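Have a look at the structure below, then the notes.
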Amino acid sequence: MTTKQVQPLYNQAGQLQGVFIPAEIWFKHENNLEKILFPEAVSQPEIPAEPINDWKQFLSFWDFNYPVEKGVKCDHCGCSTPDWTADDPKRFLLKAASLGGMVSFLCLECQYRVTKKHFKDHVVYECTPFTCRV
Ligand SMILES: [Zn+2]
């Protein structure tokens with residue numbers, strides 16, 4: 001690409017408005033140029049979808065002897081949140097929620113699996129390497 005092929009474009013006041021790139025050159029390099037010029041549009045951070053409907057269903061059947069709480073803590077790295085749904089950026093990724101009271105998360109800090117087991121009167125946390133099946 002030579003500078004002669006890329007022409008500056010000025011408005012009537014003589015201010016530089018942009019550059020003109022011949023279509024032939026643009027289309028030849030389109031994919032690469034878009035990645036360089038608009039990286040945020042091309043590469044979205046890959047956060048897997050969370051089973052939010054399972055979570056909502058879990059909440060709608062909440063019949064434990066304590067109010068709904070959304071706290072999560074990781075015993076492995078010490079990461080914790082009072083409300084995992086409100087974190088920005090996310091600290092815990094919801095992996096599963098069952099009506100039986102098991103809710104599991106991926107700790108985005110250390111990649112451990114944090115499982116919250118809801119019993120009638122209390123919650124038990126379990127923290128395991130994510131590769132282990134609970
Ligand atoms: Zn952790």
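Just checking: which of the strands (runs of 3 or more DSSP E) contained wholly in region 1-111 hold 2 or more residues that are closer than 21 Å to PRO129 by Cα and of a type in the set (A, V, I, L, M, F, W, C)? Don't jump to the end; show me each part of the working.
Details: elements: 7-10, 16-20, 92-97, 102-107.
The qualifying strands (runs of 3 or more DSSP E) are 92-97, 102-107.
Mind listing whichever residues of region 86-100 are in contact (Cβ under 8 Å) with a residue 24 or more places away in the chain and out of contact with any Pro (no Cβ under 8 Å at 6 or more places or on another chain)?
The first filter runs over region 86-100 and keeps only residues in contact (Cβ under 8 Å) with a residue 24 or more places away in the chain, leaving 90, 93-99.
Correct list: LYS90, SER98, LEU99.
Go through region 60-70 residue by residue and tally those that are surrounded by 11 or more Cβ atoms within 10 Å (Cβ to Cβ) and without any contact (Cβ under 8 Å) to a residue 24 or more places away in the chain.
The total comes to 2.
Out of GLY18, GLY14, I need the residue that is more than 30 Å from GLU126 (Cα to Cα), touching a Leu at 6+ places or on another chain (Cβ under 8 Å), at pLDDT 90 or above and not basic (Lys, Arg). Which one?
Values: GLY14 fails: touching a Leu at 6+ places or on another chain (Cβ under 8 Å).
Exactly one residue qualifies, and that residue is GLY18.
The values are calculated or read from the model by the stated rules, or taken from the named source; none is laboratory data. Note that the structure is a prediction, hence the values are computed from the model and not measured. Note that we place each Cβ from the backbone using ideal geometry, even for glycine, and neighbour counts take in every protein chain shown.
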